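For reference, the structure is listed below as structure tokens.
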Amino acid sequence: MSAKRDLISIEDFSKEEIEEIFSIADEMDEIIKNKGRSDLCYGKIMATLFFEPSTRTRFSFETAMQRLGGGIISAPDMSVTSTKKGETLPDTIKTVSQYADIIVIRHPRDGAAKVAADCAEIPVINAGDGKHEHPTQTLLDLYTLKKERGSIKGLTVALCGDLKYARSIHSLAYGLARLGADIVCIPAKGHQIPYYVSQKLARKHGTKLRRTFASDFKLLEGRIDAIYMTPSREFSEQLDLPIASADDSSLTQYISEYFTRKMTELVHGFDAFYITRIQRERLVKSDKQIKPKEDYPIVDDAFLKDKKFENTLIMHPLPRVDELSPKIDGDSRAIYFKQVRYGVPVRMALLTYLLGLRKAPKPQGTSGQKIPSRKMLSSREVGYISCNNANCILNDENEFLTPEFKYPHREKNKGFHALIYSCAYCDTEIHARYVGNFGTKKYTKVHPSFEKKISDWRNRDHLVVFVSEGEAENAGFNPYRAGKGRLVLNERQIQAGIVAIAYQIEHTEDLRDVVFIGIEKEGTAIAERLRLLVKARKNMQMPVAKLDVYSYRDDRSFIDEHQETKIPFSVDNKIVVLVDDLIATGRTARAALDAMIDQRIGRPRGVKLFVIIDVANAREFPIHPNSSIKKIQLGKNQIVKLGLKEMDGADEVRILSTRGTS
Ligand code: NCD
């Protein structure tokens, strides 16, 4: 018998398999319409283990099995089972798998379905695990869309509401991306799509997120956050463009047509608008308390009058609370009860597919899925990291479970130095910023120039990773010191340099027009020193704003929950003194200019950039500081380390070598 297949994440199914399920679902729909039942599953037993309430998912699975002639074992509520006596999830699963042929599980913990799949020798279907995934809902959502629109490729689908906790949204986003649809995210305030989801979309499906403005959605204004749009595919794939044979002019034309089409869609409409309820039962203390009707987007008859939604299908996984008005139930665009109905043929198809009753399902990873062959991570490497998602099953039943992490990837951005692992149960990402060598018991900060070293250590099973310096120290590792390095600027030189910059500002600008913007965090500290110096000498009060440019970096193809800093004053007709500790590639300064313009705080008369160190040979953008204290050149294996009194206890700039770390 071939290895069993489970459905834990929608990512477990290739595009071809999803299409196969759809074609079986068409046949099942005929069976329902004509005879009402078949005996395809005669003699098979399905166990439904629902540790959370359900109406549609459970009843449609049970209807599906009944129509296929199979039997069902279930409990009205898991609190009447031995779970109540303290039986663990693995033991419950091992028991039930002695009776049934297939298990359908819903659980409040992220990753619980994987635990079940790992313990059972029979196929396991995830019917919703915490806020993680709900792949069978996605199968019926995609099937509904396909039935209504013929194909999913190229459709534009808006995902609206609680994108943070709605598991149906996470699975749907992956499913849409896999089948080539474009996704527009319209999150309710504070309920953006999780960082790991957008990261995965970017990494696995090449989605790129683009900002549009919340004001494009007048009716939802005040209830939603900024909107992000994702053209999900590269132009060539979207347009089926044979890129190798396309000459430059036809490529330019295709690209411009693509954008015209996308812009028209934004102005004129979406193929589908998928709204979800606020997942109140999953909110935690730190979440914004949402007032129904005031803070949450609502789809009602007024909403549907907008020209933009003239031909838009309205979808919802249900149950609804206040976000979807029953007044529109009779509208031909409202297809959520059709979605409900399709749950049965789709789940019939899935059951027959996973039970191998039509033909044996393809073994995982062999059916067109691009699952890279990855070596197992040694338990030593990840022994000191843990999943920090409080709702992960690992943090509930961890005595019985072994943590597992997926092979790390490097974030493309050179400025962000970490190895990124993801929890194999709930997908949450863990950013390990420190690496240690088990042989020498030394640790150091991850740096792009260590790439080769890290893989050497891994090959010798010497690699250990840590999230923080404290954890490395607690584990008995000592910091690796690359010697003291070469001193470039001492405390006196740095302070004298800052005084010289203050002097230059006083003598070249009308101080009434000057505002300081410090790039977090070092730049803000230096800007504050400049402000105090000018104030002491000229008795002028000038404002200083801090600016976090993280969300404006050009290498981010995803959106996360990073808080943006708002500049609290207008820069209209002002001279903006932008301050940072160091300029190397010029990307941070570019992002700062972008952030300032994006915040719409006026048109400055001029922007000047002041830094302590100018790494002159590292520039990738045509941006140069107006003044720096010192210009340096860095060699291939050199890094610059800049310390400031405010955060490091001393002012100092050194050049360190990254050679010989082991
Ligand atoms: C969803 C769920 O349970 O995740 N419902 C469903 O399965 N149809 C959506 C929800 O509860 O809001």
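The values are calculated or read from the model by the stated rules, or taken from the named source; none is laboratory data. Small disclaimer: the values here were computed from a predicted structure and weren't measured. No Cβ is skipped: glycine too gets one built from the backbone with ideal geometry, and neighbour counts run over all protein chains shown. Remember, those area values only see protein heavy atoms, side chains included, never the ligands or the DNA or RNA. Shrake-Rupley method; radii C 1.70, N 1.55, O 1.52, S 1.80 Å.
Can you tell me which residues in region 463-482 are open to solvent by 30 Å² or more (accessible area, probe 1.4 Å) and touching a helix residue (DSSP H, G or I) at 6+ places or on another chain (Cβ under 8 Å)?
Listed by number, the list holds a single entry, Pro479.
When Gly180 is evaluated against the numbered criteria (1) of a type outside the set (Phe, Trp, Tyr); (2) part of a loop (DSSP other than H, G, I, E, B); (3) within 14 Å of the ligand (Cβ to nearest atom), which criterion, by number, is the only one it fails?
Failing condition for Gly180: (3).
Using the structure shown, decide if Arg603 is open to solvent by 60 Å² or more (accessible area, probe 1.4 Å) and within 30 Å of Phe569 (Cα to Cα). Please lay out each step first, then the result.
Values: open to solvent by 60 Å² or more (accessible area, probe 1.4 Å): yes; within 30 Å of Phe569 (Cα to Cα): yes.
In short, yes.
Output the number of residues of region 429-442 satisfying the condition of being crowded, with 22+ Cβ neighbours inside 10 Å and either touching a helix residue (DSSP H, G or I) at 6+ places or on another chain (Cβ under 8 Å) or modelled with pLDDT of 95 or more (or both).
4
Please give the helices (runs of 4 or more DSSP H) falling wholly within region 450-545 in which 1 or more residues are modelled with pLDDT under 90 and farther than 30 Å from Ile385 by Cβ. Steps first, answer last, please.
Numbers: elements: 451-459, 469-474, 491-508, 522-538.
Those helices (runs of 4 or more DSSP H) span 491-508, 522-538.
Scan region 471-493 residue by residue and report those that are touching a Lys or Arg at 6+ places or on another chain (Cβ under 9 Å) and farther than 12 Å from Tyr443 by Cα.
Lys484, Gly485, Arg486, Leu487, Val488, Leu489, Glu491, Gln493
Quick check on Gly161: is it modelled with pLDDT of 95 or more, at positive phi and surrounded by 22 or more Cβ atoms within 10 Å (Cβ to Cβ)? Outline the logic, then answer.
On the way: modelled with pLDDT of 95 or more: no; at positive phi: yes; surrounded by 22 or more Cβ atoms within 10 Å (Cβ to Cβ): yes.
Considered against the rule, which asks whether it is modelled with pLDDT of 95 or more, at positive phi and surrounded by 22 or more Cβ atoms within 10 Å (Cβ to Cβ), Gly161 comes out as no.
Give the residues of region 38-56 that are basic (Lys, Arg) and either within 35 Å of the chain's Cα centre (by Cα) or within 16 Å of the ligand (Cβ to nearest atom) (or both), sorted by residue number.
From region 38-56, those basic (Lys, Arg) are 44, 56; that's our starting set.
The one that is basic (Lys, Arg) and either within 35 Å of the chain's Cα centre (by Cα) or within 16 Å of the ligand (Cβ to nearest atom) (or both): Arg56.
Residues Pro135, Pro187: which one is at pLDDT below 95 and within 16 Å of the ligand (Cβ to nearest atom)?
Numbers: Pro135 fails: at pLDDT below 95.
None of the others qualify; the one that does is Pro187.
Within region 105-128, how many residues turn out to be in contact (Cβ under 8 Å) with a residue 40 or more places away in the chain and either near the ligand (Cβ under 10 Å from one of its atoms) or of a type in the set (D, E, K, R) (or both)?
Going through region 105-128 one residue at a time, the tally reaches 7.
When the residues of region 304-326 are filtered to those that are away from the ligand (no atom under 16 Å from the Cβ), outside any helix (DSSP H, G or I) and open to solvent by less than 40 Å² (accessible area, probe 1.4 Å), which remaining residue is nearest to Ser215 (Cα to Cα)?
Thr312
Go through region 394-406 and count every residue that is in contact (Cβ under 8 Å) with a residue 40 or more places away in the chain and out of contact with any Cys (no Cβ under 7 Å at 6 or more places or on another chain). Before the answer, list the steps.
Here is the first cut: in region 394-406, the ones in contact (Cβ under 8 Å) with a residue 40 or more places away in the chain are 394, 396-397, 400-401.
Filter once more, keeping what is out of contact with any Cys (no Cβ under 7 Å at 6 or more places or on another chain): 396-397, 400-401.
Total meeting the criteria: 4.
Using the structure shown, decide if Gln339 is of a type in the set (S, T, N, Q), within 30 Å of Ile103 (Cα to Cα), modelled with pLDDT under 95 and within 30 Å of the chain's Cα centre (by Cα).
Here the answer is no, as Gln339 does not meet what is asked.
Are any residues in region 118-154 open to solvent by less than 10 Å² (accessible area, probe 1.4 Å) and either over 23 Å from the mean Cα position of the chain (by Cα) or over 19 Å from His170 (Cα atoms) (or both), and if so, which ones?
Ala120, Val124, Ile125, Leu140, Tyr143, Thr144, Leu145 - these are the residues of region 118-154 that are open to solvent by less than 10 Å² (accessible area, probe 1.4 Å) and either over 23 Å from the mean Cα position of the chain (by Cα) or over 19 Å from His170 (Cα atoms) (or both).
If you take the residues of region 57-92 that are among the hydrophobic types (A, V, I, L, M, F, W, C) and in contact with a helix residue (DSSP H, G or I) (Cβ under 7 Å, 6 or more places away or on another chain), which of them is nearest to the ligand (Cβ to nearest atom)?
Filtering region 57-92 for residues among the hydrophobic types (A, V, I, L, M, F, W, C) gives 59, 61, 64-65, 68, 72-73, 75, 78, 80, 89.
Among the residues that remain, those that are also in contact with a helix residue (DSSP H, G or I) (Cβ under 7 Å, 6 or more places away or on another chain) are: 61, 64-65, 68, 72, 89.
Details: Phe61: 11, Ala64: 14, Met65: 17, Leu68: 20, Ile72: 18, Leu89: 19 Å.
Among them, the one singled out is Phe61.
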